[in-house]
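Student: One structure, pasted below without further comment.
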Amino acid sequence: RVRTMRGHSARVSALDWNNHVLSSGSRDTTIINHDVRLADHVVRTYEGHTQEICGLKWSPDGTQLASGGNDNLVHIWSLEQSQPKHVFAQ
């Protein structure tokens, strides 16, 4: 069964799974965590990049998400917080 999940205002450019949570990064510069078990699927939105998200990767223990953007920054996000724990420049 195919499901449509809304939330971004521009194309989705990166995806990564963390158990039942699908994280999507977009040209709109946001990252959204979607809990695919829920009808109201958006459980967290991360904002911090200034350009398109081009990569996402969850840590093996599922507690941190790394995001890379076309702004040449890497952000490390906690599953529990909406602000980045760390920001790395080139």
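The values are calculated or read from the model by the stated rules, or taken from the named source; none is laboratory data. Please read these numbers as outputs of a predicted model, since none were measured by experiment. Here the Cβ positions follow ideal geometry from the backbone for every residue, glycine too, while neighbour counts run over all protein chains shown. In case anyone asks, the SASA skips ligands and DNA or RNA and just uses the protein heavy atoms, side chains included. Shrake-Rupley method; radii C 1.70, N 1.55, O 1.52, S 1.80 Å.
Student: Can you name the residue in region 59-70 that is in contact with a strand residue (DSSP E or B) (Cβ under 9 Å, 6 or more places away or on another chain) and assigned to a loop (DSSP other than H, G, I, E, B) and is also nearest to residue 25 (Cα to Cα) among such residues?
Tutor: Among those that are in contact with a strand residue (DSSP E or B) (Cβ under 9 Å, 6 or more places away or on another chain) and assigned to a loop (DSSP other than H, G, I, E, B), it is 70.
Student: Taking interchain pairs and intrachain pairs at least six residues apart, which have beta carbon atoms under 6 angstrom, with the first residue in region 66-90 and touching a residue at least 60 places away in the same chain (Cβ under 8 Å) and more than 17 Å from residue 32 (Cα to Cα) and the second open to solvent by 30 Å² or more (accessible area, probe 1.4 Å) and in a strand (DSSP E or B)?
Tutor: Short answer, once both residue conditions are applied: none.
Student: So, in region 53-67, of the ones that are within 20 Å of residue 10 (Cα to Cα) and not hydrophobic (A, V, I, L, M, F, W, C), which residue ends up surrounded by the most Cβ atoms within 10 Å (Cβ to Cβ)?
Tutor: Checked region 53-67; the qualifying residue surrounded by the most Cβ atoms within 10 Å (Cβ to Cβ) is 67.
Student: With of a type in the set (Lys, Arg) and at pLDDT below 95 as the only criterion, which of 27, 3 stands out?
Tutor: Values: 27 fails: at pLDDT below 95.
It is 3.
Student: Out of all the residues in region 59-90, which are aromatic (Phe, Trp, Tyr) and over 15 Å from residue 47 (Cβ atoms)?
Tutor: 88
Student: Just the residues that are touching a residue at least 40 places away in the same chain (Cβ under 8 Å), under 13 Å from the mean Cα position of the chain (by Cα) and open to solvent by 40 Å² or more (accessible area, probe 1.4 Å), please, taken from region 1-31.
Tutor: 13, 15, 17
Student: Right, here's the next one. Quick test for you: out of 86, 75, 34, pick the one residue that is in a strand (DSSP E or B), exposed (fewer than 12 other Cβ atoms within 10 Å of the Cβ) and either modelled with pLDDT of 95 or more or not polar (S, T, N, Q) (or both).
Tutor: After ruling out the rest, the residue left standing is 86.
Student: Every residue in region 12-31 that is part of a loop (DSSP other than H, G, I, E, B) and hydrophobic (A, V, I, L, M, F, W, C), please.
Tutor: Within region 12-31, the subset part of a loop (DSSP other than H, G, I, E, B) is 19-20, 27-29.
Hits for region 12-31: nothing passes.
Student: Give the residue, chosen from 61, 40, that is at pLDDT 95 or above and of a type outside the set (Gly, Ala, Ser).
Tutor: Among 61, 40, only 61 is at pLDDT 95 or above and of a type outside the set (Gly, Ala, Ser).
Student: State whether one or more residues within region 45-52 are open to solvent by 80 Å² or more (accessible area, probe 1.4 Å), under 21 Å from residue 11 (Cβ atoms) and assigned to a strand (DSSP E or B).
Tutor: The answer is yes, given that some residue of region 45-52 is open to solvent by 80 Å² or more (accessible area, probe 1.4 Å), under 21 Å from residue 11 (Cβ atoms) and assigned to a strand (DSSP E or B).
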